[in-house]
Amino acid sequence: MANTAHLVRRQSSRDLHAQRSVDRLELKEMRGRLVVENGNTGPSYGATNMAFDDTSPNARIKSTLSSKRTSIDGKPIFKPEGAEDERESWDSKLTFLLATIGYAVGLGNVWRFPYLAQKNGGGAFLIPYFVMLAIEGIPIFYLELAIGQRLRKGAIGVWNQVSPYLAGIGISSAVVSFNVALYYNTIIAWCLFYFAQSFQSQLPWAECPKIHFPNLTYTQEPECVVSSPTQHFWYRSTLMVSEDISNPEMFNWKIGLALILAWMVVYMCMMKGIASSNLIVYVTATFPYIVLIIFFFRGITLKGAFDGLHHLFTPKWHTLLDPVVWLEAGTQIFFSLGLAFGGLIAFSSYNPVNNNCYRDAITVSLTNCFTSMFAGIVVFSIIGFKATMIYDRCLEMRNETLTSLLGPGYDDRNLPEEGTIFNITLENSTVRSLVMPKLEECDLEKELDNTASGTGLAFIIFTEAINQFPGAPLWAILFFLMLFTLGIDSQFGTLEGVVSSVSDMKLFPNMSKQMLTGTICGACCVLSMIFAHGAGSYVFVLFDNFAGNFPLLIVAFFECIAVAYVYGLNKFADDIEMMTGSRPGLYWMICWKYLSPLAMLSILVASFVEIATKGSGYSAWIASKGETEWHQWPTWAIVLILFLILASTLWIPGVAIARLFGIVIIDDNEKAWFPSSDLKDFHGIMPHEPTIAEQLLFCIRPDGSEGFCCPTAPIEDDDI
């Protein structure tokens, strides 16, 4: 094991030290002598061009002495002496933070977390939620931001530089991102359709459609009567759903057009590069919070809101002993933060080399989690209102039935059982025998439990609650516009993981990034038509359950292995210290090497066991019953599931095996610009001597090399 890892390490070292051509260095030198016309000496975010400096001889001599200079406000700024970074960069730190928050905060925060919390113990669910955040969520988020900022490439380029044998991790991330982006945009198309339908004085899902007859009479649609107006509009008017995944009835042209529009919006927002889309990011990242705050103040003023919040947060401590609760907490943390897609690595690669990625990881991760809790308060205040309305209506119907049967003075506590024959004395003293009818069962807790996650929460339960609001169309417009903005910026990050990876692979060297983005969006648009027919919603469920879940867990597991056991914890800690000025603590190193991989592996194994024991399938809409029915996946769907998982994950061993036999799949040996000596000088970093704890826990030797439990060798840092 040690010899193999040492061989991998030596190969990685050779690739990391590939020299750039003399012509390119001369070009950089010429660029470094350019002078900005307006004379501005303050650097922009990420700017390292020497043109921002005074190039007079005296100033030039002075500038070579140190990388630490003082800005106008007295704070030191980093200005390296070597060639500048040519990679696209964010125009400001705020743009990066908003883009990353927008990417991490998505639809799952609104329609998945509240359901899981209510289902898995209410307030008690927050304990496994924050434990998994601490050992799995933030450490991997931190790892991806740091490795992307250090190696300054997309996911494929990053893991190829860690070791050419591990380039398959990046390819797997890109393939998973492509598959997820393919179906995720379908949600955006559904939101666009509902958004367009909301501009009506009466919402189309407010009541059942009518069937008119020649004699000018009408009746309500029977399928709608046995279900509900919101369910009928979702399954029939929107999805045009079939009763089985194997028998799509017709092509859904409405959703097809919505998908085309959704992909056009994505392309127009990304065609100049996600790092340049600052105005779009400001809107898509902040608008959901504005709408959530509006819904919060509306929700807490509704009747039954506090019943909903009490139901959500009342702790059920016994659930902490259920391993499924911990599994679902870990899964929610993992997917809500958008880990292993490659999007975070791509985003951070556009940052300045001295950006504080540690602070960013903490900020974005906690923002994501508190957004989930705030969204839970908003959602359950409105669900409490909906449940109370149903409960009150049920009581009213029950009282009307009993009043008509027993008169106004009946005693609700001494009612006979259903079907029992009993005598009642009427006002004229006559005795009458009656049969006790079946009464409506009115239970507020049962109504509060009758919630859902995902599309069921957004397009059925929430829309039903909005129907009861005064000015319902306005609330519907706000709600679906919020879902659209939540989804679209997550889509940006997911697709950026694909675009940056393909760009770094140089598969199409003569194609501009704008054209490459358009080509990928066009291909996705064509393929996404598989979701625009009667069985499209069932195919969507298949992709949602299997295209991302298992492959992403596998990718994240190997990311931890790559950093902790191949790149080297000591070297990774040195890199972070150079970039941020502070060395990561023992806790983070323990997570990267032991706790996070163990969490990934546990979730993966537990998920496989759960599917093996409980089976897997989908909920099919049965029109005659007006309800869903559980169906197992057919054989061809199981084959598709296996294909989606294997097509994403086989790249990891495949690339390693190919490299072992001398077959080069990723030919990217150019080391990215990283001014190590300037950063050390700027932060005043001295050589780190491993502590006793580091030697015992990670087998780091006094010379910086790492032993059997982390078989790597140190790599010399040189500036380019």
One residue is enough: does region 499-507 have a residue meeting the conditions of a type in the set (S, T, N, Q), in a helix (DSSP H, G or I) and modelled with pLDDT of 90 or more? no
For region 192-221, give me the residue count where each residue is open to solvent by less than 60 Å² (accessible area, probe 1.4 Å) and of a type in the set (Phe, Trp, Tyr). 4
Tell me, yes or no, whether region 276-291 has at least one residue that is of a type in the set (Ser, Thr, Tyr), assigned to a helix (DSSP H, G or I) and farther than 19 Å from Leu483 by Cβ. yes
By residue number, the members of region 439-472 that are more than 16 Å from Leu302 (Cβ to Cβ), open to solvent by 30 Å² or more (accessible area, probe 1.4 Å) and either more than 20 Å from the chain's Cα centre (by Cα) or modelled with pLDDT of 90 or more (or both) are Leu439, Glu440, Glu441, Cys442, Asp443, Glu445, Lys446, Asp449, Asn450
Residues that are more than 16 Å from Ala361 (Cβ to Cβ), assigned to a helix (DSSP H, G or I) and open to solvent by less than 20 Å² (accessible area, probe 1.4 Å), drawn from region 328-346: Ala329, Gly330, Gln332
Checking Ser237 against (1) more than 28 Å from Ala637 (Cα to Cα); (2) without any contact (Cβ under 8 Å) to a residue 60 or more places away in the chain, the condition it does not meet: (1)
Could you please give the count of residues in region 240-262 that are under 30 Å from Ile520 (Cα atoms), out of contact with any Leu (no Cβ under 7 Å at 6 or more places or on another chain) and open to solvent by 10 Å² or more (accessible area, probe 1.4 Å)? 11
Among the residues of region 288-305, are any open to solvent by 70 Å² or more (accessible area, probe 1.4 Å), at pLDDT 85 or above and of a type outside the set (A, V, I, L, M, F, W, C)? yes
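Determine if region 595-616 includes at least one residue that is among the aromatic types (Phe, Trp, Tyr), open to solvent by 30 Å² or more (accessible area, probe 1.4 Å), out of contact with any Cys (no Cβ under 8 Å at 6 or more places or on another chain) and assigned to a strand (DSSP E or B).
Residues of region 595-616 that are among the aromatic types (Phe, Trp, Tyr), as a first pass: 608.
Narrowing the set further to residues that are open to solvent by 30 Å² or more (accessible area, probe 1.4 Å) leaves 608.
Now narrow it down to the ones that are out of contact with any Cys (no Cβ under 8 Å at 6 or more places or on another chain): 608.
Going one step further and asking which of them are assigned to a strand (DSSP E or B), we end up with none.
So far as region 595-616 goes, no, none of its residues is among the aromatic types (Phe, Trp, Tyr), open to solvent by 30 Å² or more (accessible area, probe 1.4 Å), out of contact with any Cys (no Cβ under 8 Å at 6 or more places or on another chain) and assigned to a strand (DSSP E or B).
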Among the residues of region 347-379, what is the count of those that are open to solvent by 30 Å² or more (accessible area, probe 1.4 Å) and part of a loop (DSSP other than H, G, I, E, B)? 2
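Out of Lys119, Lys153, which single residue is within 30 Å of Glu86 (Cα to Cα) and open to solvent by 10 Å² or more (accessible area, probe 1.4 Å)?
Details: Lys119 fails: within 30 Å of Glu86 (Cα to Cα).
One residue alone meets the criteria, Lys153.
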What pairs come up if the first residue lies in region 688-699 and is open to solvent by 70 Å² or more (accessible area, probe 1.4 Å), the second is of a type outside the set (A, V, I, L, M) and modelled with pLDDT under 85, and their beta carbons are under 8 Å apart, counting only those six or more places apart or on different chains? Glu689/Pro702; Gln695/Arg701; Gln695/Pro702
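Regarding Ala167, is this residue of a type in the set (Gly, Ala, Ser) and closer than 26 Å to Phe479 by Cα? Step through it out loud before you land on a result.
Working: of a type in the set (Gly, Ala, Ser): yes; closer than 26 Å to Phe479 by Cα: no.
No, not satisfied.
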Specify which of the listed residues (Thr219, Thr230) is of a type outside the set (A, V, I, L, M, F, W, C) and touching a helix residue (DSSP H, G or I) at 6+ places or on another chain (Cβ under 7 Å). Thr230
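The values are calculated or read from the model by the stated rules, or taken from the named source; none is laboratory data. Values in this document were obtained by computation on a predicted structure and should not be read as measured data. As a convention, Cβ positions derive from the backbone with ideal geometry for all residues, glycine included, and neighbour counts pool all protein chains shown. Quick note on the areas: whole protein, heavy atoms, side chains included, nothing else; ligands and nucleic acids left out. Shrake-Rupley method; radii C 1.70, N 1.55, O 1.52, S 1.80 Å.
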